[in-house]
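Below is one structure, written out as structure tokens; the observations come after it.
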Amino acid sequence: MPTWEEEQKCIWNSWLQDNFGDKLKRIRNACLTLLERNKARPPLPHFTHNNEVHFQNVENLIHKLIPDHAFELLTPDERFYLLASACLHDIGMLPLVANPSGSPAQDDPQRIRHHHHAISQNYIVNCPEDCGLDPCDAEPISIICRFHRRFEDIEDCPDYHTANRPLAHDRDRIRTRLLPAYLRLADALDIDLHRTHAHYNALCLACNIPLEPKFHWVRSRLVSGILLDSRSHVVNVEFRKPTNPDLGDDKMWGTARIDGYRIDDFSGAGQYGN
């Protein structure tokens with residue numbers, strides 16, 4: 001008899017039908033190619049990892065946020081656009097994408113961090129083939145990727161986008177405010193140890209680097225895991241316990257609970273909050 005995890009994986013694999021699965025594989029391969037080409041460029045300092053592991057974790061978290069067969073309330077095209085955006089949302093963090101000319105004036109890490117969502121959007125629209133996309137799919141995916149960043153007001157995102165091709169359902173619009181709400185929550189929940197290396201963490205604490213990237217590094221080193229209960233809309237954050245007794249009682253460092261995260265499910269509003 002299959003385990004619960006095996007049953008969930010079977011459900012995840014049923015999200016995409018017809019040619020959507022092949023299209024997503026093409027996007028994943030294109031992302032891997034971009035990551036490989038980006039290795040020829042000097043890495044930007046102080047960044048947490050934005051690599052294939054992060055992209056896959058975000059995709060897995062999307063599945064967990066929309067559990068069991070709830071995905072059927074999304075149209076086939078919306079499912080594809082959401083999972084494709086999990087692969088592409090952070091490509092604007094790659095120096096190859098953010099600064100294709102290699103100009104030193106454009107390599108400012110803080111510029112890239114603060115604008116990476118817009119850089120991703122522009123690259124997807126202007127270079128869809130490099131992203132493994134059919135040009136007709138580029139615009140809605142670029143909108144979802146832009147609004148994954150919390151500094152973008154989700155209320156400014158258009159509710160709907162009229163598709164540039166015939167869709168696989170009886171509606172001709174994509175709910176482009178709903179989908180980035182799921183993407184930004186899944187992205188925010190990928191915050192554990194895999195995003196950092198201990199060596200860089202020590203440098204982060206010792207060196208005078210900007211506060212925002214330092215916060216991302218320290219947060220990822222402290223969090224040991226995320227437990228998500230999508231039915232009760234509760235996130236439990238597990239913390240690593242310090243070895244230094246001067247840092248306080250172990251109970252202080254056990255878990256934190258985020259109650260009542262909310263996305264107006266499949267209504268088109270696409271908000272989340274507490």
Candidate set: the range 15-65, residues that are charged (D, E, K, R), touching a helix residue (DSSP H, G or I) at 6+ places or on another chain (Cβ under 8 Å) and not in a helix (DSSP H, G or I); chosen: the one nearest to residue 5 (Cα to Cα)
18
Can you tell me which residue among 25, 64 is in contact with a strand residue (DSSP E or B) (Cβ under 9 Å, 6 or more places away or on another chain) and surrounded by fewer than 18 Cβ atoms within 10 Å (Cβ to Cβ)?
64
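So which of 74, 88 ends up being in contact with a helix residue (DSSP H, G or I) (Cβ under 6 Å, 6 or more places away or on another chain), in contact (Cβ under 8 Å) with a residue 60 or more places away in the chain and either on the phi < 0 side of the Ramachandran plot or not hydrophobic (A, V, I, L, M, F, W, C) (or both)?
After ruling out the rest, the residue left standing is 88.
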Residue 111 fails exactly one of the following numbered conditions: (1) assigned to a helix (DSSP H, G or I); (2) within 24 Å of residue 57 (Cα to Cα). What is the number of that condition?
(2)
Counting only residues that are charged (D, E, K, R), in a helix (DSSP H, G or I) and surrounded by fewer than 22 Cβ atoms within 10 Å (Cβ to Cβ), the range 143-183 contains a total of 2
When you go through 140, 109, 95 one by one, which is the residue that is surrounded by 15 or more Cβ atoms within 10 Å (Cβ to Cβ) and touching an Asp or Glu at 6+ places or on another chain (Cβ under 7 Å)?
95
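Check the range 83-94 and report whether any residue there is more than 19 Å from residue 150 (Cβ to Cβ), outside any loop (DSSP other than H, G, I, E, B) and touching a Cys at 6+ places or on another chain (Cβ under 6 Å). Quick ask: steps written out before the conclusion?
The first filter runs over the range 83-94 and keeps only residues more than 19 Å from residue 150 (Cβ to Cβ), leaving 83-84, 87, 94.
Those left that are additionally outside any loop (DSSP other than H, G, I, E, B): 83-84, 87.
Next, from what is left, pick out any that are touching a Cys at 6+ places or on another chain (Cβ under 6 Å): 87.
Among the residues of the range 83-94, at least one is more than 19 Å from residue 150 (Cβ to Cβ), outside any loop (DSSP other than H, G, I, E, B) and touching a Cys at 6+ places or on another chain (Cβ under 6 Å), which makes the answer yes.
Within the range 11-64, work out how many residues are among the aliphatic types (A, V, I, L, M), under 13 Å from the mean Cα position of the chain (by Cα) and at pLDDT 90 or above. Spell out how you get there, then give the answer.
First, pick out the residues of the range 11-64 that are among the aliphatic types (A, V, I, L, M): 11, 16, 24, 27, 30, 32, 34-35, 40, 44, 53, 58, 61-62.
Restricting the remaining residues to those that are under 13 Å from the mean Cα position of the chain (by Cα) gives 53, 58, 61-62.
Subset that is at pLDDT 90 or above: 58, 61-62.
Matching residues across the range 11-64 total 3.
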With the requirement that a residue be of a type in the set (D, E, K, R) and either buried (at least 16 other Cβ atoms within 10 Å of the Cβ) or out of contact with any Pro (no Cβ under 9 Å at 6 or more places or on another chain) (or both), what does the range 116-137 give you?
130, 137
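The values are calculated or read from the model by the stated rules, or taken from the named source; none is laboratory data. In this text, all values refer to a predicted model and were calculated from it rather than measured experimentally. So basically every Cβ, Gly included, is an ideal-geometry build from the backbone, and we count neighbours across all protein chains shown.
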